[in-house]
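The values are calculated or read from the model by the stated rules, or taken from the named source; none is laboratory data. Worth saying up front: this structure is predicted, and the values here are computed from it rather than measured. Reconstructed Cβ throughout: ideal geometry from the backbone, glycine too, with neighbour counts over all protein chains shown. The protein model used for the area step is the full one, side chains on, heavy atoms only, and it has no ligands, DNA or RNA in it. Shrake-Rupley method; radii C 1.70, N 1.55, O 1.52, S 1.80 Å.
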Amino acid sequence: MKRIVIIGCALVLAACQQPEAPDNSAADKAVVQGMYAAFATGDVEAVLGAMAEDIVWNEAENFPYADGNPYVGPQAVLEGVFARIGADWEYFELDLQDSLQDGNRIAFFGRYNAKHRESGKTMSAQFVHVWKVVDGKAVSFQQYADTAQAIATTQSDATDE
């Protein structure tokens, strides 16, 4: 009788266990790395194509483009962030330095190296980008950045004469 109970309990436990989700971490990280590579070459269409239709994009609080947070969808990101970067900066490069991953969440650490068109100032500001990837598409983005440096770089040094 004990053997039947033990076998029955084992069968119930086995039936209750959820199958493990496949580990897509390498593929998820590759999606974001591909976005960075496309951004570096100016291939905005490839960057937007890697985003889910309902991506939720948040710029760091007080960053110059945080006024539209959250940007929802690739078109909103294009118009509210990428187009403005293109208009405001002579160049805007990302120097990726490290990354951490926990499942489908990937954090990239680096620096923005950029030159502002109007002020002529350059910046080398720290950033962290936290991405979430689902089914091969970026579904969320959260930026953390040196906002004080970014704001200071956009301001001209005016003197009263």
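Quick notes on this structure:
- In a reduced charge model with +1 at each Lys and Arg Cβ and -1 at each Asp and Glu Cβ, region 35-121 shows a dipole moment near 240 debye about its Cα centre.
- Taking only alpha carbon atoms, region 75-114 gives an Rg to Rh ratio of 1.10, where Rh is the Kirkwood radius.
- Over region 42-161: Rg over Rh, Cα atoms, Kirkwood Rh: 0.99
- The residue list PHE63, VAL81, SER99 was ranked by how far each Cα lies along the charge dipole of region 37-161 toward its positive end, using unit charges on Cβ atoms, and SER99 comes out on top.
- Check: region 81-161 dipole with +1 on Lys, Arg Cβ and -1 on Asp, Glu Cβ, in debye: 400 debye
- Size descriptors for region 114-161, from the alpha-carbon set: Rg then Dmax equal 15.9, 59 Å.
- With all protein chains modelled, accessible area of PHE109 [1.4 Å, Å²]: 70 Å²
- All aspartates and glutamates inside 14 Å of LYS121 as judged from Cα atoms, apart from same-chain residues fewer than 8 positions distant: ASP88, GLU90, ASP157
- Burial order of peptide ranges 76-87, 50-61 (average beta-carbon count within 10 Å, highest first): 50-61, 76-87
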